[in-house]
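The values are calculated or read from the model by the stated rules, or taken from the named source; none is laboratory data. Everything numeric here is computed off the predicted structure, so don't read it as measured data. Here the Cβ is made from the backbone with ideal geometry for all residues, glycine too, and neighbour counts use every protein chain on show. Note: areas computed on protein heavy atoms with side chains; ligands, DNA, RNA excluded. Shrake-Rupley method; radii C 1.70, N 1.55, O 1.52, S 1.80 Å.
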Amino acid sequence: MERIIETTIPCEQFFVEGALRKQIASSCGIKPQNLHYKILRKSIDARKRPTFRLKIMISSKPIEASVIKRNYQDVSNAERVIVVGAGPCGLFAALKLIEEGFKPIIIERGKPVSERKKDIAIIARNQELNEESNWCFGEGGAGTFSDGKLFTRSTKKGNINDILETFVYHGAEENILMEAHPHIGTDRLSRIIKNIRETILKCGGEYHFNTKVIDFLVKNDTIYGVKTSNQSTIEAKAVILATGHSARDVYYLFAEKGWAIEAKPFAMGVRVEHSQELINTSQYHNKELANLLPPASYSLVHNEKNRGVFSFCMCPGGMIIPASTERQTLVVNGMSASNRGSAFANSGIVVSVSPQDVKEYSKQPALSLMKFQQECEQKMYIQNQVAPAQRISDFIRNKSSHNIGATSYPSGLYACNMNIFQIL
């Protein structure tokens, strides 16, 4: 008979062979040799003595390995639906269409992931930025290199576990199903993205890379297709827009046509980088224990005069990357490999921004925040992908930094006083 229990165990005990089995058996009145168990959920509570919080399935019989099944059917001759964008949203939309019996036609302005990596290497060496193939645009979108969106507490928009199982089905490690903060890693995501492509193609879907949507085909107030940059047209039953955060041309196109769009409050800020060892010691309170546990993360939230300030997309053992999509702009993001083995940790520290903050753009209210964001990216630009930087202590004292020190950022830093930018 199977049942679910919840328990805690000090982190140092968790790594002692047989300790967890003995603890479970004792609490459940089962002989250790007769116990079979599977960890369903695992998180670390580091507020005092670092402790694992566990949700466990126990049984007196061997627990069969779970098998993930998907209803991916042959849709070669099914009704067509265009999906604009091959980022996480577009790829999962395509998989869902296949399950529902529709043929997805994926149109992506960038390149397949393997070719895209070459353009990213050029950016990292602080050379030319390809505006159609970069850290954001191309197969897998920004999600190919930063899987922070795998973690969410919200269940309002769907089944989180279903998403994680889809990643496992396509090659992710099964442990993301039980970790409180699931992480795949940049080095593994590109292979998973290729596996998703193989699934879609095998089922009869189509990919069109290096193809940018520049207009929509409309009849009787209904969109029935798209026009692409190579002057071809593609028709379908419906069109799903999954263009992502940075495809500003699509928003401008909507505005030109007078279609309904509105400005959405968002958050923007800077990347803060630390020594991972510092974060481990701060969170785990024990340097020896930190060597056994995964690189530590943190979450910060503050409200200042009804404006939220908070950490976002924290990357333990990660690196900061140049994520601009337009020339003469500067944007940075964070990512980490599967082993989170970097000596650095980084996090976005962001502040909420609303339309009321950018009244100077009120003539086009729907595009106001996007224009403000674009102006900020232009202000940050120095040369190629060199990033302005400052020590936190100097920022607080409103003093220019002259020595930034070691960093994970590959394209170079320019030491300055960040207070001079006067964004808000």
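Structure data summary
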{"read-out": "Any hit, region 276-291, residues being within 22 Å of LYS48 (Cβ to Cβ), of a type in the set (Asp, Glu) and modelled with pLDDT under 95", "value": "yes"}
{"read-out": "Residue in region 41-63 that is under 29 Å from THR211 (Cβ atoms) and in contact (Cβ under 8 Å) with a residue 24 or more places away in the chain present", "value": "no"}
{"read-out": "Hits in region 170-200 (condition: under 22 Å from ASN71 (Cα atoms) and in contact with a strand residue (DSSP E or B) (Cβ under 7 Å, 6 or more places away or on another chain))", "value": "ARG197, ILE200"}
{"read-out": "Qualifying positions in region 365-405 - in contact (Cβ under 8 Å) with a residue 60 or more places away in the chain and either in a loop (DSSP other than H, G, I, E, B) or open to solvent by 60 Å² or more (accessible area, probe 1.4 Å) (or both)", "value": "PRO365, ASN384, GLN385, VAL386, ILE392"}
{"read-out": "Residues that are assigned to a loop (DSSP other than H, G, I, E, B) and either touching a helix residue (DSSP H, G or I) at 6+ places or on another chain (Cβ under 7 Å) or exposed (fewer than 14 other Cβ atoms within 10 Å of the Cβ) (or both), drawn from region 231-249", "value": "GLN231, SER232, LYS237, ALA242, THR243, GLY244, HIS245"}
{"read-out": "One residue from SER324, SER354 being surrounded by 14 or more Cβ atoms within 10 Å (Cβ to Cβ) and either touching a residue at least 60 places away in the same chain (Cβ under 8 Å) or within 18 Å of ALA389 (Cβ to Cβ) (or both)", "value": "SER324"}
{"read-out": "Those residues of region 21-31 which are part of a helix (DSSP H, G or I) and without any contact (Cβ under 8 Å) to a residue 12 or more places away in the chain, in sequence order", "value": "LYS22, ALA25, SER26"}
{"read-out": "Filtered residues of region 32-63 (kept if closer than 21 Å to THR281 by Cα, part of a loop (DSSP other than H, G, I, E, B) and open to solvent by 70 Å² or more (accessible area, probe 1.4 Å))", "value": "ARG47, LYS48, ARG49"}
{"read-out": "Residues satisfying the stated conditions in region 213-230, i.e. of a type in the set (D, E, K, R) and either more than 16 Å from GLU256 (Cα to Cα) or in a strand (DSSP E or B) (or both)", "value": "ASP215, LYS219, LYS227"}
{"read-out": "Selection within region 86-120 - in a loop (DSSP other than H, G, I, E, B), at pLDDT 95 or above and small (Gly, Ala, Ser)", "value": "ALA86, GLY101, GLY110"}
{"read-out": "Test: residue in region 317-325 that is touching a Lys or Arg at 6+ places or on another chain (Cβ under 9 Å) and under 27 Å from LEU367 (Cβ atoms)", "value": "yes"}
{"read-out": "Residue count, region 64-75 (criterion: more than 26 Å from ALA180 (Cβ to Cβ), open to solvent by 50 Å² or more (accessible area, probe 1.4 Å) and aliphatic (A, V, I, L, M))", "value": "0"}
{"read-out": "Residue check, MET268 in contact with a Cys (Cβ under 9 Å, 6 or more places away or on another chain) and modelled with pLDDT of 90 or more", "value": "yes"}
{"read-out": "Sole residue being open to solvent by 20 Å² or more (accessible area, probe 1.4 Å), part of a loop (DSSP other than H, G, I, E, B), under 25 Å from SER76 (Cβ atoms) and in contact with a helix residue (DSSP H, G or I) (Cβ under 9 Å, 6 or more places away or on another chain), chosen from GLY204, GLY171", "value": "GLY171"}
{"read-out": "All positions within region 6-21 that are aliphatic (A, V, I, L, M) and within 14 Å of LEU293 (Cα to Cα)", "value": "ILE9, VAL16"}
{"read-out": "Search result, residues across region 1-18 that are over 14 Å from LEU54 (Cα atoms) and in a helix (DSSP H, G or I)", "value": "GLU12"}
{"read-out": "Candidates SER338, SER347, SER299 - the one that is assigned to a strand (DSSP E or B), under 18 Å from the mean Cα position of the chain (by Cα) and polar (S, T, N, Q)", "value": "SER347"}
{"read-out": "Residue in region 174-193 that is farthest from SER246 (Cα to Cα), counting only those that are charged (D, E, K, R) and surrounded by 17 or more Cβ atoms within 10 Å (Cβ to Cβ)", "value": "GLU179"}
{"read-out": "Qualifying positions in region 250-285 - open to solvent by less than 50 Å² (accessible area, probe 1.4 Å), in a helix (DSSP H, G or I) and more than 29 Å from ASP45 (Cβ to Cβ)", "value": "VAL250, LEU253, PHE254, ALA255"}
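Condition check ((1) open to solvent by less than 10 Å² (accessible area, probe 1.4 Å); (2) at positive phi; (3) in contact with a strand residue (DSSP E or B) (Cβ under 8 Å, 6 or more places away or on another chain)) across all residues:
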| residue | (1), (2), (3) |
| --- | --- |
| GLU79 | no, no, yes |
| PHE92 | no, no, no |
| ILE98 | yes, no, yes |
| LYS103 | no, no, yes |
| ASP119 | no, no, yes |
| ILE122 | no, no, yes |
| GLN127 | no, no, no |
| ASN130 | no, no, no |
| SER133 | yes, no, no |
